[in-house]
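Below is one structure, written out as structure tokens; comments come after it.
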Amino acid sequence: MTRVFAIAERELLKFFRSPALMITSMLLPLAQLLILGNAFGGRVQHTTLAVVDQDHGPQALRVIEMLRAVHVNANTFNPVMYDDQQTAVEDVRNGRVQGALVIPANFSRKVYAQTRPHIGLIVDNTDGFISSTYEGEMQALADALNAPDIEQRMAQKIAVSTVELYPYIEYMKYLLPGSITLAIFVSVMIGGGIVYIDDKARGIHEGYLVTPITGPELILGLNLAGAVKAMASGLVITTIGMLLSGIVIFNPFRIFWLLLLIVLTASAFICMTSFMMARVDDPMIPRAIFGVLNTLLFFPSGAIYPVGAFPTWLRVVAAVDPFTYAVHGFRAMLLKEAGFAAIWPDVTFLAVFTILTWTGTALLFKRTL
Amino acid sequence: MSAVISGPMLAEPVKGGHKPAIKVEKIVKQFRGFTAVDDISFQVGEGEVFGLLGPNGAGKSTLIRMMTTLIPITSGRAVVGGFDVSVDPDGARRAIGVIPQAMTSDLDLSVYENLSIFAKLYGVPRSKRKPIIDELLESVDLSKWRDAEVKKLSGGMRRRVEIARGLVHSPSIFFLDEPTTGLDPVSRVAVWEMIVKIKEQRNLAVLITTHYMDEADRLCDRIAIVDHGKLVALEKPAVLKQSVPGSTVIEVQFIAPPQDWVQELERIPGVRSVQNEAAGMFRLLTDEGSKTTTAMVDLANRKNVEVKTLSVQNTTLDDVFVHYTGRALHD
């Protein structure tokens with residue numbers, strides 16, 4: 001093992017002497033967490049809704065008052081009165097307002113006569129997120145308007161009551177497992193097989209190959225150093241991410257499982273990249289691959305959007321993607337207060353994946369020039 | 001042209017004891033049909049400095065890479081330090097120190113760290129590492145720089161780091177692949193002196209590849225000239241020089257010489273051969289340097305051919321190379 005540790009020592013000495021490299025590999029994923037967490041996690045606010053009142057009756061006034069109540073409270077939109085529908089629609093098209101609500105003539109009369117009163121909602125459906133928010137708000141508004149003044153003692157409609165197991169999870173917390181996984185992957189890209197490709201390009205590898213080190217020892221040393229770098233990165237972002245998201249873990253077993261997941265994720269990723277690079281000589285190839293690979297592995301993992309919403313073929317990709325198991329494991333430990341029972345499939349997959357890719361690398365690796 | 005490769009020379013290296021340090025037999029290396037090394041055989045004795053001389057692309061590095069286990073041998077056999085490199089590559093690796101052509105030290109690590117890591121790779125026991133490294137740094141005059149990052153050292157100093165690195169496990173055979181390429185003249189001389197000193201201190205067998213004639217002449221006990229993958233000559237430098245017809249080389253440049261000028265020069269008494277090089281430059285090999293020079297200048301005066309430059313020198317390894325390969329090293 002002395003030779004394995006010598007290879008690892010060389011890499012780690014260089015890494016820990018390069019503050020720029022350490023900061024890049026550890027802090028950029030943190031910036032990603034902050035930006036994505038806030039960009040995706042927020043509710044729609046401060047938009048503008050055009051309101052065209054063609055009725056001017058008491059029921060129309062009731063609708064407008066409710067819209068103003070939304071503005072004052074949730075501030076999802078600011079209702080702005082328009083005189084004609086055509087101008088409102090034109091302004092939705094050119095983005096001056098995000099939607100238009102049309103209260104047709106005789107709306108109040110139809111409400112009193114109970115003859116199917118309608119309110120028209122015009123939305124820019126190229127922006128699905130805002131249009132679905134508007135639809136939801138308007139449906140809630142319609143439900144409130146439809147509610148009887150006096151509730152029946154015996155409800156005749158079936159109601160569903162939701163029980164949330166965990167406190168409300170902000171999107172930033174939801175993203176934290178993905179960000180930890182991504183931080184580990186980013187660090188892996190400056191280690192393992194990729195380092196060896198750079199060594200090959202500079203001829204440094206000849207120095208190693210004339211020593212008695214074996215191929216598997218060389219791979220193990222490079223992967224060990226790469227995994228340590230990735231673990232350091234994973235630990236830093238886990239700690240900072242937990243502080244930012246207000247997650248606290250006191251249970252020593254959960255801390256142990258969390259550390260185990262970091263170790264296994266780092267090992268699986270470094271062995272995977274070394275396996276992919278085992279026969280590559282051109283240092284431009286990893287640079288070309290990893291920008292795309294990052295996306296190919298991260299998005300199918302369920303880090304941002306649940307796997308259950310994917311089409312079948314993408315679920316297959318997710319099933320073989322080590323990111324999926326890392327994200328699932330971190331989510332179970334950080335957000336669900338779960339134990340080993342929740343993560344053993346993830347732990348098993350990552351461990352088997354590590355062994356298989358390391359073995360594959362050892363088989364593919366050429367110990368000659 | 002017949003190569004100077006005698007049977008006894010192959011069987012018995014110049015120096016050494018009972019068995020050769022390196023024994024290469026009919027070694028061949030082919031890359032997808034291209035023969036880079038073609039049926040080469042030689043031996044290097046213990047304590048001998050053996051030079052492989054040839055232009056870039058001659059097959060020197062390929063040959064050294066086969067002997068140092070870096071590339072597999074297509075056919076033939078190389079035994080290094082008593083280990084057949086194809087059968088027991090690990091044994092061979094432990095017996096040899098190698099300085100490849102490329103700089104293999106890590107620029108971001110210190111001199112000491114580089115040596116320490118390689119000592120570990122070679123399995124040098126922990127208790128011996130520091131004294132060995134200190135001694136080596138002393139030998140290559142880098143003790144003062146032990147904690148400096150290699151990237152802060154000059155090219156010559158980096159080469160000395162490489163030399164120390166190659167010796168960290170006390171090998172008995174030392175391979176140096178073009179050790180002074182890219183160095184300035186002062187650094188080259190410093191590296192030569194270092195190699196001679198270390199070789200004498202440690203009684204190493206040294207195999208050195210180079211395309212510098214002066215380097216081969218100064219360092220090597222015997223020289224093998226390699227061209228197009230073949231061994232074209234193998235002898236001591238002095239013997240190789242003697243093997244070239246004519247003891248003196250006259251290099252002369254004429255302005256607008258006539259068409260039959262080569263034939264005119266060949267008729268001068270004592271001239272063994274005339275080569276017409278570019279831009280009116282002629283190279284004459286002769287046994288009678290001063291007489292031939294006088295006769296040549298007289299001839300030029302008679303024929304109204306102006307002499308632009310003229311130099312007279314003894315035979316060098318350059319002449320040996322031209323003699324055996326039919327071209328200069330830089331062709």
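The values are calculated or read from the model by the stated rules, or taken from the named source; none is laboratory data. This one's a predicted model, so the numbers in the text were calculated from it and none came from an experiment. So basically every Cβ, Gly included, is an ideal-geometry build from the backbone, and we count neighbours across all protein chains shown.
Might you check whether a residue that is within 14 Å of another protein chain (Cβ to nearest Cβ) and basic (Lys, Arg) occurs anywhere in region B:141-148? There is no residue in region B:141-148 that is within 14 Å of another protein chain (Cβ to nearest Cβ) and basic (Lys, Arg).
With respect to being part of a helix (DSSP H, G or I) and touching a Pro at 6+ places or on another chain (Cβ under 7 Å), A:MET231 falls outside the description.
A single member of A:PHE323, A:PHE353, A:PHE330, A:PHE298 is in a helix (DSSP H, G or I), more than 14 Å from the chain's Cα centre (by Cα), among the hydrophobic types (A, V, I, L, M, F, W, C) and surrounded by 14 or more Cβ atoms within 10 Å (Cβ to Cβ), and it is A:PHE353.
Cβ-Cβ contacts under 6 Å between residues 6 or more apart (or on different chains), taken from a first residue in region A:5-22 that is in contact (Cβ under 8 Å) with a residue 40 or more places away in the chain to a second residue that is among the basic types (Lys, Arg) and assigned to a helix (DSSP H, G or I), are listed as A:ALA6/B:LYS120; A:PHE15/A:LYS229. Would you check if B:PRO171 is within 20 Å of B:PRO20 (Cβ to Cβ) and assigned by TED's automatic domain parsing to the domain that holds B:GLY81? Yes, satisfied. Within this structure, B:TYR112 passes the test of being within 13 Å of chain A (Cβ to nearest Cβ) and touching an Asp or Glu at 6+ places or on another chain (Cβ under 8 Å). Residues that are under 27 Å from B:TRP192 (Cβ atoms) and either facing chain A (nearest Cβ under 10 Å) or among the small types (Gly, Ala, Ser) (or both) within region B:70-93 comprise B:LEU70, B:ALA78, B:GLY81, B:ALA92, B:ARG93, listed in sequence order. Against the test of being in contact with a helix residue (DSSP H, G or I) (Cβ under 8 Å, 6 or more places away or on another chain), at pLDDT below 90, more than 20 Å from A:MET26 (Cβ to Cβ) and assigned to a helix (DSSP H, G or I), the options A:ILE240, A:ILE285 yield a single qualifying residue, A:ILE285. Looking at region B:82-146, the helices (runs of 4 or more DSSP H) lying wholly inside it that each contain 3 or more residues that are closer than 21 Å to A:HIS205 by Cβ sit at B:89-95, B:111-121.
Taking the listed residues B:VAL252, B:VAL274, B:VAL239, the one that is under 22 Å from B:PHE321 (Cα atoms), surrounded by 17 or more Cβ atoms within 10 Å (Cβ to Cβ) and modelled with pLDDT under 90 is B:VAL274, with no other qualifying.
The strands (runs of 3 or more DSSP E) located wholly in region B:215-331 that include 1 or more residues which are more than 24 Å from the chain's Cα centre (by Cα), over 26 Å from B:VAL37 (Cβ atoms) and of a type in the set (A, V, I, L, M, F, W, C) occupy B:248-255, B:271-276, B:281-286, B:306-314. Screening the candidates A:ILE270, A:ILE247 for the property of being farther than 30 Å from B:THR69 by Cα, among the β-branched types (Val, Ile, Thr) and out of contact with any Ser or Thr (no Cβ under 7 Å at 6 or more places or on another chain) yields one hit, A:ILE247.
The helices (runs of 4 or more DSSP H) found wholly in region A:1-110 and carrying at least 3 residues that are within 14 Å of chain B (Cβ to nearest Cβ) occupy A:2-16, A:19-41. Looking only at residues that are more than 7 Å from chain A (Cβ to nearest Cβ) and over 24 Å from A:SER18 (Cα atoms) in region B:97-109, which one is surrounded by the most Cβ atoms within 10 Å (Cβ to Cβ)? Among those residues, the one meeting the criterion is B:GLY97. For region A:221-250, residues that are touching a residue at least 40 places away in the same chain (Cβ under 8 Å) and more than 17 Å from A:PRO177 (Cα to Cα) total 9. If you take the residues in region B:207-232 that are among the basic types (Lys, Arg) and touching a residue at least 40 places away in the same chain (Cβ under 8 Å), which one is farthest from B:VAL98 (Cα to Cα)? The extreme case among them is B:LYS230.
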